[in-house]
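One structure is given below, encoded as structure tokens.
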Amino acid sequence: MPRTDPTGPGAPAPAVPTDPAHVVWSDDFGAEFGARTPEDRWAFVEGGGYTADDGVLTRVPGGLRITASGKHPVTGEPAFVQTIPQEEKNLSGLPGSGDHAKWIVYANHRASTGFQGFDAPLGAVLSCEAVISGRSYGTAGHPFGDAVADPEDDIRLAAAMMNTIDPETSTAFDFLLTDKRLYAFYGRPTFARGELGRYASFAHTVALADRSPQDRHHVKIAYNRSAGTVSWLVDGAEALRVDRIGMRLSRDSLNLDEGGEEVLVVPRQLSVGMGLMTLLDGSWPTGRGLVRLSTGTTYYDPSAGEPVPQTFVDEQSLDTSRIFGQGAELTVADYTVAVTPLP
């Protein structure tokens, strides 16, 4: 029987606003974008001397476009340039899995708990929404052979995203974009294992809708702390709901499995962000891991689970496997965080 994390619904919660939908934070990207100082509205993901800022920004009508900062040597298309090798080969002290983060920012806001994010009151829904579009570049040049079925539709190679995470329990709820589909990403990275023990660490990828690179989507993550549910909404309709936060879904959508004990959690806050990423140590949809990014964790076969180990096309995390001319682009508008009281 799974145990319940101590950060549950019995923990103190802030008061619920009385108006039907209370906007607590928003960005229409009309002002200059900043993410490097304590006064800026956004904050880069950073640590160990690494900053996830591998992108260039362009103002577009009504919003902002973030594009990989480099150029493909042949096509000239946007390409990532920043990468993190396995632990033995880097001096940053960061895990090799930090390579996931190419350009990622979170709203520079603290919840009443002291954690980065926005309070999730009992008796209300905390939501994060935006209008997003995205695409990838150069993914056809990957070196992984038939371990990739369709380079235009594989979030492992390059993807744009709108992301949320609870930094206290390390539970994540994201939207990811490839050239062909919109995905929900639900996972629990190992970030908080030092404080919370060896909880189940995993990542699921669930297809929500077909798309083309030029398509725009009104997306929303809605967290109901009282019910213990998170919903992914696309153009106003619920596309996915998770009602056992901290527990795995079915293994047919499992992209990463790092073992551990399944633990129900009830986040007290969510931090909201956006970015560009790769997930080269993932295995979905072909079931074959691409790159063993980290030697500091144990990867398990997502189709079988612990203790069956996962293998990878590249066990050494070669530079040419992590950076092969791929890139991504995100366009975002009307980013809003709100708290809506329950009926």
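The values are calculated or read from the model by the stated rules, or taken from the named source; none is laboratory data. Values in this document were obtained by computation on a predicted structure and should not be read as measured data. Backbone-built Cβ (ideal geometry, glycine too); neighbour counts: all protein chains shown.
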> So which residues in segment 234-264 are in a strand (DSSP E or B), within 15 Å of Tyr300 (Cα to Cα) and among the acidic types (Asp, Glu)?
Replying inline: Asp257, Glu261
> Which number in (1) surrounded by fewer than 22 Cβ atoms within 10 Å (Cβ to Cβ); (2) in contact with a Lys or Arg (Cβ under 6 Å, 6 or more places away or on another chain); (3) under 22 Å from Thr178 (Cα atoms) marks the one condition that Glu329 misses?
Replying inline: (1)
> Somewhere in segment 89-97, is a residue of a type in the set (S, T, N, Q) and part of a loop (DSSP other than H, G, I, E, B)?
Replying inline: yes
>> I'd like to verify a number: residues in segment 196-222 that are over 16 Å from the mean Cα position of the chain (by Cα) and closer than 20 Å to Ile165 by Cβ, how many?
In response: 5
> Out of all the residues in segment 292-323, which are among the hydrophobic types (A, V, I, L, M, F, W, C) and closer than 26 Å to Gly273 by Cβ?
Replying inline: Leu293, Ile323
>> Among the residues in segment 105-122, are any touching a strand residue (DSSP E or B) at 6+ places or on another chain (Cβ under 9 Å) and under 30 Å from Asp314 (Cα atoms)?
In response: yes
> Can you name every residue in segment 31-53 that is part of a loop (DSSP other than H, G, I, E, B), in contact (Cβ under 8 Å) with a residue 40 or more places away in the chain and closer than 18 Å to Met161 by Cβ?
Replying inline: Ala35, Val45, Ala52
>> I'm checking my understanding of the structure. Among residues of segment 136-157 that are out of contact with any Gly (no Cβ under 6 Å at 6 or more places or on another chain) and surrounded by 24 or more Cβ atoms within 10 Å (Cβ to Cβ), which one is farthest from Ile245 (Cα to Cα)?
In response: Thr139
> Restricted to segment 168-222, and to residues that are aromatic (Phe, Trp, Tyr) and farther than 14 Å from Asp235 by Cβ, which residue is surrounded by the fewest Cβ atoms within 10 Å (Cβ to Cβ)?
Replying inline: Phe191
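So that you can scan it fast, the table gives a plain yes or no per residue for (1) under 19 Å from the mean Cα position of the chain (by Cα); (2) surrounded by 14 or more Cβ atoms within 10 Å (Cβ to Cβ); (3) at pLDDT below 95; (4) more than 23 Å from Thr164 (Cβ to Cβ):
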residue: Met1; (1), (2), (3), (4): no, no, yes, yes
residue: Gly8; (1), (2), (3), (4): no, yes, yes, no
residue: Pro12; (1), (2), (3), (4): no, no, yes, no
residue: Thr18; (1), (2), (3), (4): no, no, yes, yes
residue: Gly70; (1), (2), (3), (4): no, yes, no, yes
residue: Gly76; (1), (2), (3), (4): no, no, no, yes
>> When you scan segment 250-262, do you find a residue that is in contact with a Lys or Arg (Cβ under 6 Å, 6 or more places away or on another chain) and either crowded, with 18+ Cβ neighbours inside 10 Å or over 25 Å from Ala159 (Cα atoms) (or both), even just one?
In response: yes
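Here's the yes/no breakdown for (1) assigned to a loop (DSSP other than H, G, I, E, B); (2) of a type in the set (A, V, I, L, M, F, W, C):
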{"site": "Val56", "(1), (2)": "no, yes"}
{"site": "Arg65", "(1), (2)": "no, no"}
{"site": "Thr83", "(1), (2)": "yes, no"}
{"site": "Lys102", "(1), (2)": "no, no"}
> If you scan segment 293-313, which residues turn out to be among the hydrophobic types (A, V, I, L, M, F, W, C), crowded, with 18+ Cβ neighbours inside 10 Å and touching a strand residue (DSSP E or B) at 6+ places or on another chain (Cβ under 7 Å)?
Replying inline: Phe312, Val313
